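S.K.: Below you will find the structure I want to go over with you.
The values are calculated or read from the model by the stated rules, or taken from the named source; none is laboratory data. Just so you know, these numbers come straight off a predicted model, no measurement behind them. Virtual Cβ from ideal backbone geometry, glycine too; neighbours counted across all protein chains shown. For the accessible areas, the whole protein counts, side chains as well, though only heavy atoms, and no ligand, DNA or RNA atoms are used. Shrake-Rupley method; radii C 1.70, N 1.55, O 1.52, S 1.80 Å.
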Amino acid sequence: MSRWRQSVVEIQTRKRQVNECERAQAALSKVTACFQQMATSLGSNMDGSFLREELEETRTVAHKICSGLHRRLLSLLIEMEQGQEDKEQVERLWVIFLSSLENFQQDLKKVKVLQEIFPLTQRKDRQALVNTGYVGGTSEVAARAAMVQTPWLSVEETASPDLKNHIVEIDVLLEEMFQRVNVPLWSVEPTQPSWLEGVSTQDGDLTHGSIRVASSGTQLSNKPK
């Protein structure tokens, strides 16, 4: 294979990998949003063994996506050279993924605390649940999370840790990301107008504001553009 052809193949492969990471990040956002929504029912009259099973299944899906996305983004950023076409795009994904991990970890901590306050290990434990007056369930939300597909043909079979160890594992991932990849957070700024986060689209999904990596020395402004 000629050097030129090899270069073209490498570029195409990298673009495919970047596209896969973008789709994985979108999938992670949907799954963690479902997890957060279901977690709001803990301790209420809607709480029960079925809800907790749904939370566990959704947490497992999120863990698999996080593990695969972490490895791929880390590999791309370590291998890419300064000035390469897709580098800013990958760095932008890295920052979004970093934020997603931190938010997901906060939700995991809340779930852990609520499950300790409302253990539901015995029938009498249900007497402590708060009657919010809401009637319904979380099956529809759990179904949306289960329908989310990862961009990879086969999801790596990684054993999902228990809730406590999952929180610790995210700490390890975050520390590794900060140590092995140098993407200054101050170099990131929005590429869309403010307050676009959470705007519903026609298909019912939520759009999230994009960010872009600024050139070295650029300072961020709090003023909307």
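S.K.: Suppose each label sits 7 Å from its Cα in the direction of the beta carbon; what would the Lys110-Lys164 distance come out to in nanometres?
M.R.: The two pseudo-label positions are separated by 2.3 nm.
S.K.: Here is a follow-up. Under unit Cβ charges (Lys, Arg +1; Asp, Glu -1), what dipole magnitude, rounded to 20 debye, does the stretch 35-113 have relative to its Cα centre?
M.R.: Value, rounded to 20: 300 debye.
S.K.: Net charge within 14 Å of Ala143 by Cβ-Cβ distance, Lys/Arg positive one each and Asp/Glu negative one each, not counting Ala143 itself?
M.R.: Numbers: positive: Lys30, Arg144; negative: Glu53, Glu54, Glu57, Glu140.
Taking every Cβ under 14 Å from that of Ala143, the sum is -2.
S.K.: For Ser44, list long-range residues whose amide hydrogen, built 1.01 Å from N in the peptide plane, is under 5 Å from its own amide hydrogen.
M.R.: Answer set, sorted by chain and number: Val130.
S.K.: Continuing with the same structure: Ignoring ligands, DNA and RNA, how do Ile167, Ile96 rank by accessible area with a 1.4 Å probe, largest first? Write down the numbers at each step before the final one.
M.R.: On the way: Ile167 20, Ile96 55 Å².
Largest accessible area first, the residues go Ile96, Ile167.
S.K.: Which residue, Ile96, Gln25, Leu55, has the largest displacement toward the positive end of the dipole of the stretch 18-115 when charges sit on each Cβ (Lys, Arg +1; Asp, Glu -1)?
M.R.: Towards the positive end, the residue furthest out is Leu55.
S.K.: How much net charge surrounds Glu54 when only other residues with a Cβ under 13 Å from its Cβ are counted (Lys, Arg +1; Asp, Glu -1)?
M.R.: Result for the local shell: -2.
S.K.: Per the 1.4 Å probe, what fraction of the accessible area of the stretch 20-108, in percent, lies on carbon and sulfur atoms? Write down the numbers at each step before the final one.
M.R.: Numbers: 1540 of 3500 Å².
It is 44 percent, rounded to a whole number.
S.K.: Could you give the nm distance between label points at Glu88 and Leu174, where each point is 7 Å from its Cα heading toward the beta carbon?
M.R.: Label-label distance for Glu88 and Leu174, simple model: 2.8 nm.
S.K.: Now for a separate question. May I ask you to give the solvent-accessible area per residue for the stretch 17-176, in square angstrom, as obtained with a 1.4 angstrom probe?
M.R.: Here the residues of the stretch 17-176 average 53 Å² of exposed surface.
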